[in-house]
Amino acid sequence: MTSCAATHLLALDIDGTLLTRKYRLPCETRDAVKRARQHGVIVALATARSPAGVTTVLSDLGDVDYAVCLGGSLILRRVDGAWVNALAKVNGMVLTRDVLVQIFAACHELGLSFAAFTESEAFIEALDPLLAKEFGLTNDPYVAGRVEENDAPVFKVLAISDMAETEKLDRLANVLGSEVS
């Protein structure tokens, strides 16, 4: 067998790609990633998940080298089993306080569940059934209280609705315009 000598990168999405629809990691996938790392391939996870949501996947997958988290807002590398910010500072992709206030107001008005994700946890106003289901799948730690009072940089806001009310998400996107993606 030849070695790739860290000249190759294998970047994997997590939900619906690495994991099945039932949030399971197939043994074949775990074995393939392990073989790739043994051959010197750099393995990265690319996901909308937070670092905590990535860590739960690693318990089954094994170690990886990088994690592009929160939709690309936070890039981490693995050093001695711990995540460190690969850019050595908070990335420039944080939401401003003004945008956060605008998002939260719009979510309240539309009746949407929402969470604000920092590097280490999610901030929610209350744990409702939609958020409970989401956090049950990702194992993200969360803190309930006034979301706006959080001082940590926010990299991602999650707004969710029941399947029967997805037009609320379209209305939210229209309200926010180009302020967020």
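The values are calculated or read from the model by the stated rules, or taken from the named source; none is laboratory data. Computed from a prediction, not measured in an experiment: that's the story for all the values here. Don't worry about glycine lacking a Cβ; one is built from the backbone with ideal geometry, like all the others, and counts go over all protein chains shown. Surface accessibility is based on the protein's heavy atoms, side chains included, excluding ligands, DNA and RNA. Shrake-Rupley method; radii C 1.70, N 1.55, O 1.52, S 1.80 Å.
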Among the residues of region 88-116, write down those that are closer than 21 Å to residue 55 by Cβ, open to solvent by less than 20 Å² (accessible area, probe 1.4 Å) and modelled with pLDDT under 90.
91
Among the numbered criteria (1) out of contact with any Ser or Thr (no Cβ under 7 Å at 6 or more places or on another chain); (2) under 25 Å from residue 85 (Cβ atoms); (3) not in a helix (DSSP H, G or I), which one does residue 126 miss?
(2)
Over region 129-148, the set of residues without any contact (Cβ under 8 Å) to a residue 24 or more places away in the chain, over 17 Å from residue 50 (Cα atoms) and assigned to a helix (DSSP H, G or I) is 129
Does residue 37 satisfy the criteria of being touching a strand residue (DSSP E or B) at 6+ places or on another chain (Cβ under 7 Å) and modelled with pLDDT of 85 or more?
yes
Please tell me if residue 35 is within 25 Å of residue 123 (Cα to Cα), basic (Lys, Arg) and out of contact with any helix residue (DSSP H, G or I) (no Cβ under 9 Å at 6 or more places or on another chain).
no
Just give me the residues in region 117-127 being in contact with an Asp or Glu (Cβ under 8 Å, 6 or more places away or on another chain) and open to solvent by 10 Å² or more (accessible area, probe 1.4 Å), in sequence order.
121
If we keep just the residues of region 56-87 that are loosely packed, with under 15 Cβ neighbours inside 10 Å and of a type in the set (Val, Ile, Thr), which is modelled with the highest pLDDT?
79
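Would you call residue 45 closer than 26 Å to residue 22 by Cβ and either modelled with pLDDT of 90 or more or among the aliphatic types (A, V, I, L, M) (or both)?
For residue 45, the condition - closer than 26 Å to residue 22 by Cβ and either modelled with pLDDT of 90 or more or among the aliphatic types (A, V, I, L, M) (or both) - is met.
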Residue 52 is checked against (1) among the aliphatic types (A, V, I, L, M); (2) part of a loop (DSSP other than H, G, I, E, B); (3) open to solvent by 10 Å² or more (accessible area, probe 1.4 Å) and fails just one. What number does that condition carry?
(2)
Considering 158, 176, which residue is at pLDDT 90 or above and either of a type in the set (D, E, K, R) or at negative phi (or both)?
158
So, in region 135-161, of the ones that are open to solvent by 60 Å² or more (accessible area, probe 1.4 Å) and within 20 Å of the chain's Cα centre (by Cα), which residue ends up farthest from residue 23 (Cα to Cα)?
151
